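For reference, the structure is listed below as structure tokens.
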Amino acid sequence: VWLVGPKAAALDRIALETDGAVCLRVAAKLVQVPEKQFTNFLSQEGWIFRHHHSHTWQGYSDKEKAGYLELKRTRVTRDDGTEKTVEQVLITPRGQAKAAELIERKSPWLRKVGASTAASGMVPGVH
């Protein structure tokens, strides 16, 4: 099966540069969008939200069920010896490809200058 267009380019880049689910910062780099704009886009698209207490990004369950996101839970020991659970939302390779496709279709201007769409009419230094 041959894929063409933005989805194929995103899948190729992700396949070469990742080994599984990645954090939001790494996913933003892979889709060539500044991290803050990437997280804002995912939030507006109903993928992630800020937890009301911890203020960390969390994924919506429908996106987890679709295989786009994972929630990584880690137990850490504080300096005082107590433990706490830290959560981090991760984007799976499938989610990375879908996010790249959505950005290319809905908000291509988010892409950083120098990315493949820069030559197609974006003004250098403006994003």
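The values are calculated or read from the model by the stated rules, or taken from the named source; none is laboratory data. Quantities reported herein were computed from a predicted structural model and do not represent experimental measurements. In case anyone asks, the SASA skips ligands and DNA or RNA and just uses the protein heavy atoms, side chains included. Shrake-Rupley method; radii C 1.70, N 1.55, O 1.52, S 1.80 Å.
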Fill in: When each of 36/98; 36/106; 36/84 is checked by Cα-Cα distance, pairs over 23 Å
36/84
Fill in: Accessible area (Å², 1.4 Å probe, nearest 10) - residue 83
100 Å²
